[in-house]
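Quick notes on the structure that follows.
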Amino acid sequence: MASSSSSSSSSSSSSSSSSSSSSSYLSLLFLLLIISAIISSSSSQSTLCRTACGGIPIRYPFGIDDGCGSPYYHNMLVCNSSNSTLLLRTPSGTYPVASIDYADPHLIITDPSMWTCPHAAATTTTTSASVRSAAPPFSLDTSTRFSLSSKNDFLFFGCDPDAVIVAPKPNYCDRFPDRCDSACDSAAYLCRNLPGCPDASAAAGCCGYNPKASQSTRMMLRHCRSYASVYWRTVGGGLPPYDQVPEYGVRVDFEIPVTTRCLQCRDTNRDGGGLCGFDTRTRSFLCLCQDGNATAYCADGGLSRHRASTGVIAGTAVFSIGGAVSGGYLVWHFLKRKSNKVVTCGVQSNENRIF
């Protein structure tokens with residue numbers, strides 16, 4: 001009788017253990033399914049592009065994240081994560097961006113090696129033919145959609161008179177500038193009115209020259225100690241040109257390639273609108289939306305979804321869920337075998353069981 005009772009108790013304990021194992025398996029499986037769903041959901045959302053760097057707004061055609069903006073400006077603007085400084089990459093180096101204007105498309109960059117009034121010691125004249133600038137001047141890649149603005153005035157200091165014609169330009173140069181390209185004007189207005197320089201003597205050896213391209217600036221600096229770029233900033237409050245003030249910096253104009261697909265993508269009436277971007281492999285247009293990438297616009301009903309990305313995401317989700325189910329089954333099967341195993345050493349209980 002005692003043996004029957006013991007057997008009944010053992011059977012009840014085994015049944016209880018099996019029930020506990022099944023419950024544990026179901027809980028584990030449910031948890032894995034939830035995790036898989038979260039992963040697949042987050043994977044299907046496009047990584048939106050950053051819209052600012054150091055207080056400077058980043059909008060189309062620019063982007064500081066891969067695949068954002070126009071492919072024409074891919075990797076040309078970078079955001080220094082250590083100090084949140086926006087930088088422009090050019091063949092001559094990397095330069096801080098002071099501002100970007102999208103209404104009148106241009107950006108202002110600063111060249112740390114450029115002459116400014118506090119650095120007047122660099123303007124001493126010389127007669128040596130071996131004059132060289134300490135650093136290469138700012139230059140642009142002519143194959144890009146950037147260009148030097150005509151609103152820049154370039155000043156050069158300490159030029160070699162044997163290599164550079166430094167002389168006041170005749171009056172007719174204003175009417176026929178092409179006839180005066182070879183001379184650097186020693187009577188330039190800005191040489192006598194440098195920004196931040198109340199003392200005109202600080203600009204000794206200064207002359208003004210308007211290069212047609214950044215290559216001309218490099219040629220000049222082979223024979224001059226330093227240079228400065230001054231652009232005219234519009235401040236309003238008067239009639240042109242009296243509504244402008246000179247400031248140090250290089251104005252760089254840029255083009256905004258406008259396409260119908262980009263306008264459709266940015267249309268806020270269509271599911272809130274998206275961000276214009278591109279496929280980094282094919283450079284083809286993509287509309288970056290909250291729930292994925294589209295080839296047209298965010299509210300196109302999913303008919304134009306970027307199929308390559310969607311297929312990868314769907315496959316990943318199915319694999320994740322399938323893996324969770326398979327893994328959960330293996331755990332449950334092991335638990336079941338473990339609970340039915342004959343115990344020969346010691347007593348197996350919920351406290352000392354391996355799983």
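Which of the residues that make up the stretch 257-282 are more than 18 Å from the chain's Cα centre (by Cα), in contact (Cβ under 8 Å) with a residue 12 or more places away in the chain and under 21 Å from Asn75 (Cα atoms)?
Scanning the stretch 257-282 gives Thr259, Cys262.
List pairs: first in the stretch 145-168 and touching a residue at least 12 places away in the same chain (Cβ under 8 Å), second buried (at least 20 other Cβ atoms within 10 Å of the Cβ) and among the acidic types (Asp, Glu), Cβ under 9 Å, 6+ apart or cross-chain?
Val166/Asp185; Ala167/Asp185; Pro168/Asp185
Of all residues being crowded, with 18+ Cβ neighbours inside 10 Å and touching a strand residue (DSSP E or B) at 6+ places or on another chain (Cβ under 8 Å) in the stretch 123-138, which is modelled with the highest pLDDT? Just the residue, please.
The extreme case among them is Phe138.
Out of all the residues in the stretch 158-175, is one or more at pLDDT below 85, more than 30 Å from His74 (Cα to Cα), aromatic (Phe, Trp, Tyr) and surrounded by fewer than 18 Cβ atoms within 10 Å (Cβ to Cβ)?
Yes, some residue in the stretch 158-175 is at pLDDT below 85, more than 30 Å from His74 (Cα to Cα), aromatic (Phe, Trp, Tyr) and surrounded by fewer than 18 Cβ atoms within 10 Å (Cβ to Cβ).
The values are calculated or read from the model by the stated rules, or taken from the named source; none is laboratory data. This is a predicted model, so every value here is computed, not measured. Methodologically, a virtual Cβ is constructed for each residue, glycine included, from the backbone with ideal geometry; neighbour enumeration extends over all protein chains shown.
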